[in-house]
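Below is one structure; the comments refer to it alone.
The values are calculated or read from the model by the stated rules, or taken from the named source; none is laboratory data. Keep in mind the model is a prediction, meaning the values are calculated, not measured. Keep in mind that these areas ignore ligands, DNA and RNA; they rest on the heavy atoms of the full protein, side chains included. Shrake-Rupley method; radii C 1.70, N 1.55, O 1.52, S 1.80 Å.
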Amino acid sequence: MTTAPAPRRPGRGRWVAAVLDAAGVVGALALPTWVLATAGTPVDGDVALAVPGAVAAPGTVAGALVLLACAGALALVGRVGRWVVVGVVVLAGVLVAASAGAVLADPSGPAAAAVAEATGVVPAAPQARVTAWPVVAAAVGAGLVLLAGGRARASAAWLPASTRHEAPAAGTPRPVGQAPDERDDWDALSRGDDPSRGDGAA
């Protein structure tokens, strides 16, 4: 009587894709207008400017770059490294949410900086109005924290990091009860073994 093979454990690919998607969303949030600024200048009169998220909240761009790095690390690291990535994703979410919160709390700061850069004159009291994008960014930052929590819960079921680049031990058998997968087959071929035999023999 043949025993049905154990179900293959889920890979980490979907979580790498999720972090990549999150990086794309955060990067996209830096493009639209976050603050509408109006200020009077002695030379140009009233100046109206649209301040994008990348200027109003540079932390969004930094958060997107951090998430890209996390996605690359997530595909390679082992058990300890996974928890490091979790912490970094949480920090990226906090950074994005804090950057959005700062704009919501004081939009006149980015407005004055944008007017000064455009005209060369620092306005005394610029008028500033925020759009809905800082609120969206704050929600995305909170979502990143939840994403990191989901990644932490799922990490126990992930396949271990590949040992393809480590010194292989010739003829090392596959643990009893572990279903074969592509990663095992590649490692067996790297050792010069025949993965089709399943006993680690060359």
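Taking amide H atoms as placed 1.01 Å from N in the peptide plane, the amide H of VAL47 lies under 5 Å from those of ALA39, GLY40, THR41, each 5 or more residues away in sequence or on another chain.
Taking the convex hull of the alpha carbon positions in the range 39-101 and averaging its projected area over all directions gives 5.3 nm².
Whole-Hz Karplus values for the range 16-27 come out as 4, 4, 5, 5, 4, 4, 4, 4, x, 5, 5, x Hz, taken residue by residue from phi with 6.51 cos²θ - 1.76 cosθ + 1.60 and θ = phi - 60°; glycine and proline positions read x. The 3J(HN,Hα) values that the Karplus relation (6.51, -1.76, 1.60; θ = phi - 60°) gives for the range 28-36 are, in residue order, 5, 5, 6, 8, x, 6, 9, 10, 9 Hz. Gly and Pro appear as x. Determine the share of the range 46-155's accessible area contributed by carbon and sulfur atoms, expressed in whole percent, with a 1.4 angstrom probe. Of the solvent-accessible surface of the range 46-155, carbon and sulfur hold 72 percent.
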